[in-house]
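So the structure is just underneath, and the comments pick up after that.
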Amino acid sequence: MASIKEIGARIWAQIAERETQKWASKPLETQEKTFQALIERAKDTAFGRDHDFASIKTMKDFQDRVPVRDYEGLRNYVDRVVDGESDVLWPGRPLYYAKTSGTTSGAKYIPLTKESVPYHIKSARNALLTHIRNTGRSGFLNGKMIFLQGSPELEDKKGVSLGRLSGITAHFVPSYLLKNRMPSWETNCIEDWEKKVDAITEETHQVDMTVISGIPPWVQMYFERLMAKTGKKTMAEIFPNFDLFVTGGVALEPYKARLLELFGKDVPILETYPASEGFFAYQDQSNSPDLLLLLDNAMFYEFVPADQYFEENPPRLTIGDVALGVNYALILNTNAGLWGYSIGDTVMFVSKSPYRIRVTGRIKHFISAFGEHVIGSEVEYAMDQALNQHGGLVREFTVAPNVNPLEGGLPYHEWLVEFDEAPNDIEAFMTSLDAGLRQKNSYYEDLITGAILRPCVLRSLGPESFIRYMKSEGKLGGQNKVPRLTNDRKIAEALLALEA
């Protein structure tokens, strides 16, 4: 017999479905309404006055006044907010700052307002409700749930609470799920990631876990600690009622084979696309990993073709202008006061009825040492193809150019790979990696056939190489992840130095 929680969730799932269909059937109207509401609300802020929001009538007016900026471009405004000034980017002051790691700007403080926070919570809830609607499976609501996340302990920053997004959202777990949540508050507050995973393992290895959520590499670490603790070989043995894995943050595919092996049974997977700046999309079909772009989340989206992003005045498209199969940089305008904000991610549309996307990588994470502009989704595809053809299980990997090889000869792309289970024939595996990348990137194909580059080289790294690297950078655990590829050799050289 279904519990009260299950019955309530099924009713809410029906309501959420009707709401989704309402806005998804009117995507352009929904986004235009969002745009006008955002401009009206922010016209009397410092940013609104500086950019003459009061006279904006159309998207062209807005784009003429507001350039595309990343965090550094908006930093003078954000710094004023953090210093305690009101009505800068959005009316009033934020409720929270989500602290993230910047590559060039040190720590970044992303504002979350009283208007924006509910959309983070609503979207996470609707993702679960959509899963229930699609599958009819709601029994997981009765068991324990774990979300591998940052500490919920928050700092005070001139009257505004500061923490990791996952730690902030821990304060908004619905009351009816509080008894289900794991680990304990005290364990969740442990900052050292390895100690935290050990404590979580100790607390959870004998409970009825039904939902597990987190970034794949850190979930894998948790699973392996559980197996070491219990002597069992799969999660099915440890958690017989494990019935849902929720993930986001990085592409699942490179980790999927190993995770499925660790599951030990068929467990539904729900993919999501949250970030400190907003909750953008989630998987709305049980038979496809494509993500439904949330057009009613009080965010107005723009899209810059990725191959034109670094031009002086690149085109800025709205939802009605995008094409399928094109790589776009995602630009945000939000009710947390982010305007023309380049989040750094790239997406590709795979459907326009409704609008569904795949996350393809990071606009600044690419290899183009020779003009090839290889992106994250392309190296992930190549790795997936090689694993399918030759077997093996990959823990983690990254790719970097080797422009001046010490051994001499032509330059190449260097793949640094940590295997859980190496393929039998590494040479054949490398050939497949190269073939997969040549298939997805015609520029790379031309460089290989033109003898400008030699085929890729794979360096097999020892156990826990990436964990040691992330630990050395102070980025072990939480929402942190290793870039799939970079246009320099900083990460590659650091990994190789740790192997020495």
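Tabulated data
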read-out	value
Cβ crowding within 10 Å averaged over residues, with 408-414, 321-327, 33-39 ranked highest first	33-39, 408-414, 321-327
Cα-based reach from Lys57 at 23 Å (exclusive), listing lysines while leaving out same-chain residues under 8 positions away	Lys26, Lys33, Lys43
Qualifying GluC sites (Glu not before Pro) in the stretch 262-356, DSSP loop, other Cβ atoms within 10 Å at most 14	Glu311, Glu312
HN-Hα J in Hz across the stretch 292-303 - Karplus 6.51, -1.76, 1.60, θ = phi - 60°, x for Gly and Pro	6, 6, 7, 8, 10, 9, 6, 10, 9, 9, 10, 9
MRE, 222 nm, helices only [DSSP H, n ≥ 4, -39500 (n - 2.57), over the chain, to nearest 500]	-11500 deg cm²/dmol
Cα convex hull of the stretch 5-147 - mean projected area over all directions, nm²	11.3 nm²
For the stretch 269-326, alpha-carbon Rg and Dmax in angstrom	13.5, 41
DSSP-defined beta bridges in the chain - what % are antiparallel, rounded to 5	70 percent
Within straight-line cross-link reach of Lys233, lysines at Cα separation under 29 Å, skipping those fewer than 8 residues along the same chain	Lys144, Lys179, Lys195, Lys196, Lys256, Lys265, Lys471, Lys475, Lys481
Ranked order, Lys440, Lys157 - accessible area, probe 1.4 Å, largest first	Lys440, Lys157
Per-pair calculated FRET efficiency, R0 = 56 Å: Leu177 and Glu311 via Cβ, rounded to 0.05	0.75
Probe 1.4 Å, accessible area per residue of the chain, Å²	43 Å²
By average C-beta atoms within 10 angstrom, highest first, the peptides 292-301, 143-152	292-301, 143-152
Positive minus negative residues near Val211 (Lys, Arg vs Asp, Glu; Cβ under 9 Å)	0
For Ala281, distant residues with modelled amide H under 5 Å away	Tyr273, Leu294
Gap separating the Cα centres of the stretch 400-446 and the stretch 227-301, nearest whole Å	29 Å
Segment Asn487-Trp185, length gained on full extension (0.36 nm per residue, minus Cα span)	104.7 nm
By accessible area with a 1.4 Å probe, ligands and nucleic acids excluded, highest first: order of Tyr255, Tyr109	Tyr109, Tyr255
Most to least packed among 62-70, 329-337 [average Cβ atoms within 10 Å]	329-337, 62-70
Normalised alpha carbon radius of gyration of the stretch 232-375 [divisor 2.2 N^0.38 Å]	1.20
Largest to smallest principal axis extent of the C-alpha atoms in the stretch 79-157, angstrom	48, 25, 23
Exposure rank, largest accessible area first [Lys99, Lys108; 1.4 Å]	Lys99, Lys108
Theoretical FRET efficiency, 1/(1+(r/R0)^6), r = Cβ-Cβ of Asp44 and Lys195, R0 45 Å, to 0.05	0.40
Antiparallel DSSP beta bridges within the stretch 319-470, as percent of all bridges there, nearest 5	80 percent
Spatially proximal aspartates and glutamates relative to Lys157 (Cα-Cα < 16 Å; intrachain offsets below 8 disregarded)	Asp79, Asp83, Glu85
Estimated D of the stretch 316-409 in µm² per second, where Rh is the Kirkwood radius over Cα pairs and Stokes-Einstein applies at 37 °C, 0.692 mPa s	205 µm²/s
At R0 = 41 Å, FRET efficiency that the Cβ-Cβ distance of Thr58 and Glu253 yields, to 0.05	0.55
When the chain is reduced to its Cα atoms, the Kirkwood hydrodynamic radius in Å	24.0 Å
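The values are calculated or read from the model by the stated rules, or taken from the named source; none is laboratory data. The model shown is predicted, which means the values in this text are computed figures rather than measured ones. Cβ coordinates were reconstructed from backbone atoms using ideal geometry, including for glycine residues, and neighbour counts include every protein chain displayed. The area values use the complete protein model at the heavy-atom level, side chains included, leaving out ligands, DNA and RNA. Shrake-Rupley method; radii C 1.70, N 1.55, O 1.52, S 1.80 Å.
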